[in-house]
Amino acid sequence: MSFVNISPLFIAIIIGFVVSFNENTSVKVPAIVVIISTIISFLFPIFNLKSWVTYPVIISESAMFVLATMLLSQKMKKWLAWILGLIVGFVWAIVLLILLGVTFNI
């Protein structure tokens, strides 16, 4: 794997880490990013851009991680919410890629 293929994941993880510990960020921002990036990831195969699908999925995964961390940190410790948010984001990406693969035969 070349660095070009995995660099968006590292950038998204760093942005997600910084935003998840920022107290001033609204819950609406990651929710809107999840919705928009999910829609974009379903539009790419329609326009025959199947090789670009992973990038909006990575953005959606990171936004889901931030959203889950923000919601869970209200009820539990931040480090536990961060770990659970990471798991939720990872599962979200797998489910989204499975749905894309089944829908568009990728």
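Here, each number is a calculation from the coordinates, and none is a lab measurement. Fair warning: this is a prediction, and the values are worked out from it, not measured in the lab.
Output wanted: per-residue J couplings in Hz (rounded whole) for the stretch 37-53, from phi through Karplus 6.51 cos²θ - 1.76 cosθ + 1.60, θ = phi - 60°, x for Gly and Pro.
With the stated coefficients, the stretch 37-53 comes to 5, 5, 5, 5, 5, 7, 7, 4, x, 5, 8, 6, 10, 5, 6, 9, 5 Hz.
Quick one: which residues, 5+ away or cross-chain, put their amide H under 5 Å from the amide H of T25? H built at 1.01 Å from N.
Hits under the 5 Å cutoff: none.
Go through the stretch 84-89 residue by residue and turn each phi into a ³J(HN,Hα) via Karplus (6.51, -1.76, 1.60, θ = phi - 60°); whole Hz please, and just put x for glycine and proline.
Result, rounded to whole Hz: 5, x, 5, 5, 4, x.
In whole Hz, what ³J(HN,Hα) sequence does the stretch 74-79 give by Karplus (6.51, -1.76, 1.60; θ = phi - 60°), x for Gly and Pro?
In residue order, the calculated couplings are 6, 10, 9, 5, 5, 5 Hz.
Expressed in nm to one decimal, what extension gain is obtained for the pair K75 and F90 from 0.36 nm per residue of sequence separation less their Cα-Cα distance?
Working: separation 15, 0.36 × 15 = 5.40 nm, distance 2.10 nm.
Gain on stretching K75 to F90: 3.3 nm.
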